[in-house]
Each structure stands twice: as structure tokens, then as C-alpha cells.
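The values are calculated or read from the model by the stated rules, or taken from the named source; none is laboratory data. Bear in mind the structure is a predicted one, so any value in this text is a computation, not a measurement. In this analysis, Cβ positions are derived from the backbone assuming ideal geometry, glycine residues included, and neighbour counts consider all displayed protein chains. Ligands, DNA and RNA are stripped out before the accessible areas are found, and what is left, the full protein with its side chains, is counted by its heavy atoms. Shrake-Rupley method; radii C 1.70, N 1.55, O 1.52, S 1.80 Å.
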Amino acid sequence: MSVLANVLGLFDGEYDDDGFRECSVTGLSIHRSAETYVKLFGLTAVIALVIGGIFAFNVAMTRWELVGLLPEDGYYTHLSMHAWNILIFWMVFMEIAILYVGGPIVLGRRLEATILAKAGWLVMIAGAIGVNYSIWTATDTGAQEAPLLTAYVPLEVSAEFYATAVVFLLGATIAALPFFITIWKEKRGDAAKTLPLVAFGAFITGIIAVEAILGGIAAFSYALAWRLGIIASVDAGIYRQLYWIVGHGSQQINLLAMITVWYFLTHVVGGAVVISEKVSRSAFILYLFFINLGAAHHLMVDPGVSAGWRIFNTSYAFYGAAFASMIHAFAIPAGLEAGRRRRGLGGGLFGWLTSAPWKNPVFSATIFSIILFGFAGGITGVLMGQMQLNMTWHNTFATVGHFHGTVAVGTTLAFIGLVFFVIKTMFRRDFVSGRLATIVPYFYAGAMGIVVLMMMYIGILYGVPRRISGVVRDIPGTEFSLSAAAPLMNIFGVFAVLAILGGVLFVVVAVGSLLFGDRIENGDGGGMLPDGGLQTDGGTSVHAADLRGTFGICLIFMATFVALYVLNWFLLTQLWSIGA
Amino acid sequence: MSGPFDEPEGNWWDEPVNRRESMWLGIAGFWSLAIFGWMSGFTRFGDQNPIGQTYDVEPEEYQAVVGEYKDAADETEEGHLIPPGDSVYIGGRRFGWDGLPVVLEAGREYDIHLGSYDVQHGFSVRPEENLSKQINLQVFPGSEWVIPMTFDEPGRYHVICNEFCGRGHNTMHGEFLVEEA
């Protein structure tokens, strides 16, 4: 009974007569309407993570051919379930929650048009269930194939799949509307007012999300029209262009939402400040203009698109968006360094970092996310996005390594930190075990980091493809196989199991805390606040702050980037002569 | 110092930027332009570029063209094709590479024609003795992509499919047999 009471109590909160309460950690004025929907979308996201995580185990244990869990027939179904539940449902439900935090909560407003939030949630749920059902039953009749993430035409993918994917995307659009209405109401009163940086980041995230979703609706509707016989033929190249607007665009939503969360969490748990409003906002503007061009890097080795088109788009127009990411890569740790030095927390080159609250899982998850995203996901993304290098990366297991570097250790880790933060500050529950909570980011980041490295090595050094149940031990019908990759596959398999255990630990701590965690009283920060409190006054101005620690870290990053760039190009030039 | 929840005060646009951040902007900006320049320049001076003419062709027509090519080609005792000229035609289909295995001369430039008879495939090639020397090209139904290639090293090159094309995808395999001229 007490469990049930706790479940029912999850949406409780002590609000004043106007429906507001003051957050004892951030000091923000939070309205019931916003908080309720942040909780709803956040909890739904965690359910999607659990479903996708279960399939992660099945997929990894099939790729580890020593175990060979699934036959080829079932493998693609499980892979599709893993991809859609984690890459789309876990991410997009979280991102709607982040929009509601970045808009109404940061601005101290109520969430407008909550009926749309509710309707959006319902439509998204209907779409998500429909997609899951159509994937799970795809191969029942024998005439159809599992869609994977991409559902490339003219593969025999069911019309139900395309239809329910459109429903989900429409739902996400509806759910985003209350955020935009809230921003509009905020600006309507005083158009010259500047949004806080987090709200600004959320706003740009929202725009990029709408662009991505429109592309997705176009792609899936096109394929649906063909499956229903409304149009007689379908063009593989056109579908791919449309599809990747959402295929990669959705990952750009992850990126922007994650960067917004980085600014948010480094501030509240680490004491970071904004070192330059101008520079950080300009970086978001660069994203707005250029980042969705980057979807073209999926078409680098496609026929029919000219070299000039590919080079301009894959470079996000001269690397406008990669430049923006490198700006954030400096600005966020620099904000932490400036904020902590100001509080007198740590001297020397890295004292500000070593003295940080490393036992707070919200902090460690955020920092590991920043570092691993940059080094593992970011650098490799630019490498494989170079038209010629793409020939050696395209559709190999190394590509899977890249997007586990961005999504699994980057975004998912940041969102794990955010879920922990929301458990403390919105659900007002203490961790059921502080020690286990502290371990989660270390365990998950460590294991998943090695998984990512192994995927890249296996793909680049042995040319093992992605999306295949097995080619390492045996390619049926021939003597040839990629068996040289087997030893690295063993390392991959072991650490994949560990990473999934890390994910299980996260879910156990999160759900356990919601059900059995002690309630945190109002006014108690729950151990989240940085030393010296959130606000610091006086002292030197930011532009004169000493940022040499961050500068050093960024130089190490750049040296790594240059070294990997040179290495990749060297390997490419060892190949036989290709192309006109 | 303001946090990311605060509305910035005053004329925040004119606030001076920290010296080290300015230096980083310069480094990152230069690097962005440099890698763009290299990628673009390599199409002019480099030997490995995924560039070639594309023609629109219906899958059935392409299959017929590959058939004519095969009729014109010689065969070795093992049944491997020897192309009649400098053009090599390959058709992806579930679950094999039509036109392979084929015997080529090392050091000679061939026009490799790639197309598909049914769904999308991934043309993934590597020499047997060095798996890290591999390349991947996307193959569409409805397109004929002509990519010139010169295999300098004699040996056996394996072609597998790295785009999901249906259950049975992992059985797709073909070979280039590159021999000394």
C-alpha cells in the first residue's frame, strides 16, 4: 500500500495559492503545471529507456558471436526495438521535459495550454505503442522486414510502421506547442527583454526539433503513400534525403538539449557562471543556421549527389556547427572554472576541477558526458563526416561507435544526471542509496566508454559492418570471414554487459528512490548545491577570470583531434585509387 | 557574474570576451576552415574520392545491361568473369553480387558500374590480407554509379553487403581477383 501511495504521491508538491513554489536548490519559481508535465514526460522517457535497454542486451549478445543469442531472423526485430525506444522515444520524451524546464520553469511562468501538453503526450504514446507493435510483428507474415531505424525504401516495411511513426512525430509537435506559447507570452510583454541563456538554448532546440520533425513527417508520409499504392514508385535517393532530415536532425535535438542541460547542471551543482553571453548565444545561432545541413553526411557515399553539394553540406557550411560545438566545449568548462575560482575553490591549473563535487552523481554524470561526448562522439563525427574518410567509416561498426559516443555516453549520461536532479528537486525524494547513486555515472561511463572504443576499432581496423547479425565467425556460403576481429569482439561483449548493468543500476536507484526514498523537506537542498551557494556577488569580472585550466584541456582536445585526423587520412591514402 | 538562469544585465553584447576564450575561438575557427579546405582540395589532388557519374536507370534495364556485359565477357576455368574492356558491371541483389567474381589486372583503371536490382545495398570491399584497407559505397535501385578504380596490389578482394537488405543479408559475398598484368 505504501508503494501505491508513493506512486500516487509522485505528482504532489506544496504550492502556494497561485500554484507556485520556490525551488530550494535553484531558487526558481516553479508552477505546478510545468512541474507536473516535466515529471510525466520524464517518467515516460525512463520507461522507454528500460524497454530499449532490454533490447540493447539482446543486440549486443548477438553481435558478440561467441554468445550468438539471436538467430538472424529475430536479430533485426530486436535491433529495431532497441533503436526506436532509445534513440527516439527515450530521447524525445526527455527533450519535451527539457523544453518545459528551459521555458516555463526557468522563466518562472506557468506552462501555457496544458491541454496541448496532455494531448501531445497521448498522441506520442499512441505513436510509440504503434511503432513498437509494428516492429514486433513485422516479420510475422514472412513478406515484410523489420524497419531498423531508417526503414529505407524500397524495403518491404509495413504501412503501419510509417503511419505510426508519423503519429508519434505529430504528437511531439503538439507537445512542443505549449513551450512556444510560453516563450511567446514571455516576449509579448517586453520584446526587448533577453531570455536567460538556458531558455534561449531551449528555444533554439525547439526550432531545430520542429525542422527535424517536419522532415520526418515528409519522409514517412512519402514512404507511406508508396506502400498504400497512392504513388506508383518511390525514389531511394529522395527518401534518404528526406529521412535524414529527421534521422540526424533528431540527434541534433539531442545535442542541443544536452548542451542546454550542461549549462544548467554545471551551474546548479558546480557553481558555473556564463563567461560570455555573446559567445555562447552566437554558438547557438550558428547551430540554428547550420547544424541541420550536417544531415548530409549520411549521403557522402551515395550516388547522384554532386561532390560540391556534399562538401558544402557535410561541412555544415564550412564547419559552422562544428565551430559552435568547439565554442561550447570551451565555454562550459570555462564557466565552471571561473565560477569555482571566484568562490576560492581550488588553486593551480586544475584545482577548481579536482575540488568539485565528484560524489554528486549529477555533477559527475554531467562532466563525463561533456568529456566523452567531445573526445569520443564529437571528433569521430567530424572525421566520418569528411567526404573521403566517410568511405572507410560508412555503415561499419565504427559508425555505431560514433553514435554511442554521442548518444550513449554523451546525451544519455547527461540525461541520467538530469533525472537524478529531478528526483531530488521536483519529486523531492532522497536517493534510496547515496552510495549506489554516486557509483552509477562512473560505472556506466567507464564501461560504455570502452564499448564505444571497441566498436570504433572493430569497424575501422577490421571493416566489420553494422546492422548484421554475424560476419565475424562465419559468412554463410564462403570460406571468408572477419574472424580477425573476434578478440576485440570479446572485449566489446564483456564491457557491453557491464554497461547494461550500469544502466540497470541507474534504473534501480531512480525507481527505488521514487518509491522508497525519504521525502526531502522544503528548504532542504538535498545535497545538490555547490560550496558557497548558487549565487556569488562581487569579485573580478568574468572577462578577467583566469581560465588557463580550461584552455589547457581544450589544447589537449585539439591535439587529439589533429592526431586522429592525420591518422585517418593517412590510412585512407594507403588504399587503392578510387574515384574520378 | 551571471548564471544561465538570469536575464543578462545591461549591454551584454559589448562585454569584453576573456582573452583565452578569444584565443580558443581563433584556434577552433582556423581548424574548421583548414579541414574544410583539405576535404575540398583532396578532390583535386587526392587519389581516393567517392566521386563518379551517376545515371538514372530502371532496375530491370540495369539487370539487362549487366546480362549483356556478362555474355560479352570471357570466363576462366573456374567460371570467373574476365571483363571484355575497361568496364566492370556489378548488380546488387538479394542476396548476392551479380557480375562477381571477376578477374582484374593490377594497375589497370577500370570503370566499376554499381547498381541494384531490388533494394539498397552496401558495396563493401577489402583485400583478404589486410582487413583495415576497406571502403564502402551505397548502391541504389534506379541508379547506375560509375566509379573508376585501380587496384595496385594483386590479391583476392572480398565484397560483402553493409546495408541491411533483408533477412539473408549476411550471406552476400563476392570477389575481385586481381592478378599481375
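Computed from the C-beta positions of A:LYS359 and A:ALA580, the FRET efficiency with R₀ = 56 Å rounds to 0.45. The convex hull drawn around the Cα atoms of region B:57-118, when projected onto a plane and averaged over every direction, covers 4.3 nm².
Rounded to the nearest 10 square angstrom, A:ARG548 shows an accessible area of 80 square angstrom against a 1.4 Å probe. Charges were assigned to the Cβ only: +1 to each Lys and Arg, -1 to each Asp and Glu. The resulting dipole of region A:143-191 about its Cα centre is roughly 380 debye. Amide H to amide H distances under 5 Å link B:SER143 with B:VAL57, B:SER116, where only residues 5 or more positions off or on other chains count and H is placed in the peptide plane. Peptide A:470-477 has a mean of 4 when you count, residue by residue, the C-beta atoms of other protein chains within 10 Å of its C-beta. Shown are A:HIS394, A:HIS298, whose ranking by accessible area with a 1.4 Å probe and every protein chain present, most to least, is A:HIS298, A:HIS394. Peptide B:152-165 has a mean shielding of 5, counted as Cβ atoms of other protein chains within 10 Å of each residue's Cβ.
When Rg and the Kirkwood Rh are both derived from Cα coordinates, the Rg/Rh ratio for region B:53-179 amounts to 0.93.
When shorter helices are ignored and each DSSP H run of at least 4 residues is given -39500 (n - 2.57), the per-residue value for chain A at 222 nm works out to -21000 deg cm²/dmol.
Per residue, the solvent-accessible area of region A:334-373 (1.4 Å probe, heavy atoms of protein chains only, all protein chains present) comes to 32 Å². The portion of the accessible surface of region B:38-134 made up by carbon and sulfur, rounded to a whole percent, is 40 (1.4 Å probe; DNA, RNA and ligands excluded). Candidates A:VAL305, B:HIS158, A:VAL419 compared by Cα position along the dipole of the protein assembly as shown: farthest toward the positive end lies A:VAL419, with charges placed on Cβ.
Exposure check, 1.4 Å probe, all protein chains in place: B:TYR157 carries approximately 10 Å² of accessible surface. Per-peptide packing, taken as the mean over residues of other Cβ atoms within 10 Å, places A:160-172, A:495-507, A:67-79, A:402-414 in the sequence A:402-414, A:160-172, A:495-507, A:67-79 from highest down. The simple spin-label model puts a point 7 Å past each Cα toward its Cβ; for B:ASN130 and A:LEU567 those points are separated by 1.8 nm.
A cut-off under 14 angstrom between Cβ atoms defines the neighbours of A:PRO154, and their net charge, with Lys, Arg +1 and Asp, Glu -1, is -3.
For region B:91-114, backbone nitrogen atoms closer than 17 Å to the point 7 Å from B:ASP71 Cα along Cα-to-C-beta are found at B:99. Taking a straight line from the alpha carbon of A:LYS278, these lysines sit under 23 Å away, with near neighbours fewer than eight places off in the same chain left out: A:LYS187, A:LYS193.
Ordering A:355-363, A:302-310 by mean Cβ neighbour count within 10 Å, with the highest value first, yields A:355-363, A:302-310.
Can you give the FRET efficiency for B:ALA106 and A:THR560, using 1/(1 + (r/R0)^6), R0 = 51 Å, r = Cβ-Cβ distance, to the nearest 0.05? It comes to 0.85. Simple rule: put +1 on each Lys or Arg Cβ and -1 on each Asp or Glu Cβ in region A:437-580, find the dipole, and look at A:GLY459, A:GLY533, A:THR478; the Cα lying farthest toward the positive end is A:THR478. Near B:CYS161, the amide H atoms lying under 5 Å from its own belong to B:MET172; only residues 5 or more places off or on other chains count, and H is placed 1.01 Å from N. Membrane-span-like helices in chain A (whole DSSP H runs, Cα extent of at least 18 Å along the helix axis, mean Kyte-Doolittle hydropathy of at least 0.5): A:32-63, A:114-136, A:159-189, A:197-227, A:249-270, A:277-290, A:412-425, A:434-462, A:486-516, A:548-573.
What shape does the protein assembly as shown take by its C-alpha gyration tensor, where a ≥ b ≥ c are the square roots of the eigenvalues and a/c under 1.5 counts as rounded, a/b above b/c as prolate, and the rest as oblate? Because a/c hits 1.5 or more and a/b exceeds b/c, the protein assembly as shown counts as prolate.
Chain A and chain B together bury an accessible surface of about 8900 square angstrom, both sides counted, with a 1.4 Å probe and no ligands or nucleic acids included. For chain B, the longest principal axis of the C-alpha atoms and the axis of helix B:19-45 are separated by about 20°. Axis angle, to the nearest 10 degrees, between helix B:59-72 and the longest C-alpha principal axis of chain B: 50 degrees.
Its Cα centre serving as origin, region B:53-179 has a Cβ charge dipole (Lys and Arg +1, Asp and Glu -1) of approximately 640 debye.
The separation of region B:61-109 from region A:547-564, counted between C-alpha centres, amounts to 50 Å. Sorted on the mean count of surrounding Cβ atoms within 10 Å across their residues, most packed first, peptides A:524-531, A:52-59 read A:52-59, A:524-531.
List, by residue number, every residue in region B:30-64 with a reduction of 50 Å² or greater in accessible area between the chain on its own and the complete protein assembly, 1.4 Å probe. Buried on complex formation: B:TRP31, B:SER32, B:ILE35, B:PHE36, B:TRP38, B:MET39, B:GLN48, B:PRO50, B:ILE51. When all protein chains stay in place and ligands, DNA and RNA are ignored, the 1.4 Å accessible-area order of B:GLU153, B:GLU77, A:GLU35, largest first, is B:GLU77, B:GLU153, A:GLU35. Once both labels are positioned 7 Å from their Cα atoms along Cα-to-Cβ, the gap between A:ASP190 and B:MET23 label points is 3.9 nm. Accessible surface for B:GLU129 stands near 130 Å², nearest 10, in the context of the full protein assembly shown (1.4 Å probe).
Averaged over the residues of peptide A:298-311, the number of Cβ atoms from other protein chains lying within 10 Å of each residue's Cβ is 5. Our coupling estimate for region A:16-28, obtained by passing each phi through the Karplus curve with A = 6.51, B = -1.76, C = 1.60 and θ = phi - 60°, is 7, 4, 8, x, 9, 9, 9, 6, 6, 9, 8, x, 6 Hz, Gly and Pro reported as x.
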